[in-house]
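The values are calculated or read from the model by the stated rules, or taken from the named source; none is laboratory data. Note that this is a predicted model, so its numbers are computed, not measured. With ideal geometry, Cβ positions are generated from the backbone for all residues, glycine too; neighbour counts draw on all protein chains shown. We work out accessible area using only protein heavy atoms, side chains counted, and drop any ligands, DNA or RNA first. Shrake-Rupley method; radii C 1.70, N 1.55, O 1.52, S 1.80 Å.
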Amino acid sequence: MSRTGCSACARAEEELRGILADYGLAMQVIDVDRRAREGDPLPRAEYGDRLPVVVLNGVEHSYWEVDERRLRADLEALR
């Protein structure tokens, strides 16, 4: 979960791209503000005060920063 203009979100996205590339995965970036403008306010209501938020398989994994060690461990467990 992300927001346009959020520098912490931009850093997290860059870090996630590198981590996910190691597993042959790609991320889906959801801009919570855009979603709200398009009629779906739930992501912004749920995550808007903790951005960036990493969601893995539909479950909140981390927020404000990427917990690389934990994320890699959880990705390994999914293999």
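When region 7-33 is limited to residues that are touching a Lys or Arg at 6+ places or on another chain (Cβ under 9 Å), not in a helix (DSSP H, G or I) and not aliphatic (A, V, I, L, M), the one that is surrounded by the fewest Cβ atoms within 10 Å (Cβ to Cβ) turns out to be ASP22. Every test in (1) among the hydrophobic types (A, V, I, L, M, F, W, C); (2) under 10 Å from the mean Cα position of the chain (by Cα); (3) open to solvent by 80 Å² or more (accessible area, probe 1.4 Å) is passed by LEU78 save one, and that test is (2).
With respect to the conditions (1) over 20 Å from ARG72 (Cβ atoms); (2) part of a loop (DSSP other than H, G, I, E, B); (3) among the small types (Gly, Ala, Ser), ALA36 lacks only one, and its number is (2).
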